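A short worksheet on the structure shown next.
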Amino acid sequence: TQSTRPQRLLGAVQKNATRGDPRSVVQAIDQFCRQKEWAMNVGDEKGCILDSVVSEVNPATVLELGTYCGYSTVRIASLLPPHAKLITLEFNPDFAAIARQVIAWAGLEDKVHLIEGASGDWIPKMTEQFGVKTFDLVFLDHWKDRYLPDTMLMEECGLLRKGSILLADNVICPGTPDYLEYVRSSPRYESQYFKSHLEYTKVEDGLEKSVFLG
Ligand SMILES: Nc1ncnc2c1ncn2CCCCCNC(=O)c1cc(-c2ccc(F)cc2)cc(O)c1O
Ligand SMILES: [Mg+2]
């Protein structure tokens, strides 16, 4: 039977990356996506911006919406301080199964909680299920039409505190116009656009970093 693209991506990690070495896992995925098959990882150019925001925030609690194969999960988790927690939500069980193995290959399973399910269902359960009061950093990389409703839901559930950072992928391509309008016009957010390119292409894309002002 035919393999899927995520399965082929995992194969490239297992073939070319060193167990327990997150940088080599990131490198193996980027090489696979440049040389063999495009895949919707945040990629290395936007990934460096993600790394700098994670390092600056030095978060104790991180929520990632949309795990896919775990590329950004590995980038974030490899930069977290000890005892920090990254919760990542993936809707697609096939993607989740691959991501678990990519995260394990990087040796980061102890820092990551991968949950299979829809963001709209799980955001209201974060506190009761995981004892998380607020998130220091949220990385939005799931359905582009869920960025705004899920941000409003996180506000309603009290999951954001003064200074919480939202970092959103793909605000240009595929684009998240309603989310951008909201975080750029709301007095409750201070937003900044980081211009970049769609992963592995020359097409414009970027990350929007928004600080929740409380
Ligand atoms: N926990 C949850 N709750 C709700 N939905 C959930 C979820 N977990 C997952 N999903 C479902 C997300 C499915 C993947 C989302 N990402 C994308 O759709 C995406 C697409 C492109 C792209 C750009 C240009 C093209 F020509 C083609 C594709 C690039 C990207 O960087 C993308 O992140
Ligand atoms: Mg993305």
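The values are calculated or read from the model by the stated rules, or taken from the named source; none is laboratory data. Predicted, not measured: the structure shown is a model, and the values here were computed from it. Glycine also receives a Cβ, built like all others from the backbone with ideal geometry; neighbour counts cover every protein chain displayed. Ligands, DNA and RNA are stripped out before the accessible areas are found, and what is left, the full protein with its side chains, is counted by its heavy atoms. Shrake-Rupley method; radii C 1.70, N 1.55, O 1.52, S 1.80 Å.
Details
- Residue-span extension gain [LYS195 to ASP145] - 0.36 nm each, minus C-alpha spacing: 15.9 nm
- Here the accessible area of the stretch 27-149 is 53 percent carbon and sulfur, with a 1.4 angstrom probe and all protein chains present.
- Only Lys, Arg (+1) and Asp, Glu (-1) charged, at Cβ; the stretch 102-173 dipole about Cα centre in debye: 240
- Using the 1.4 Å probe convention, the accessible area of the chain works out to 45 Å² per residue with neighbouring protein chains retained.
- For the stretch 68-152: rounded, prolate or oblate by the Cα gyration tensor [a/c cutoff 1.5]: oblate
- Spin-label model, CYS48 to CYS173: label points 7 Å out along the Cα-to-beta-carbon direction sit 1.8 nm apart.
- Considering helices alone, the calculated mean residue ellipticity of the chain at 222 nm is -12000 deg cm²/dmol, with DSSP H runs of length four and up weighted by -39500 (n - 2.57) and normalised per residue.
- Lys, Arg +1 and Asp, Glu -1 on Cβ, resulting dipole of the chain about Cα centre, debye, nearest 20: 460
- Label positions at ASP121 and LEU213, each projected 7 Å from the Cα along the C-beta direction, are separated by 3.7 nm.
- The relative contact order of the chain, computed from alpha carbon pairs under 8 Å that lie at least 6 residues apart in sequence, is 19 percent.
- Computed magnitude of the charge dipole of the stretch 19-76 (debye, nearest 20; Cβ of K, R +1, Cβ of D, E -1): 180
- Distance (nanometres) between label positions extended 7 Å along Cα→Cβ at ARG188 and THR1: 4.5
- Pairs exceeding 32 Å between alpha-carbon atoms, taken from LYS15/LYS209; LYS85/LYS195; LYS125/LYS202; LYS111/LYS162: LYS15/LYS209; LYS125/LYS202.
- For the chain, the gyration tensor built on C-alpha atoms gives a prolate shape. Its axis ratio a/c (a ≥ b ≥ c) is at least 1.5, and a/b is the larger of a/b and b/c.
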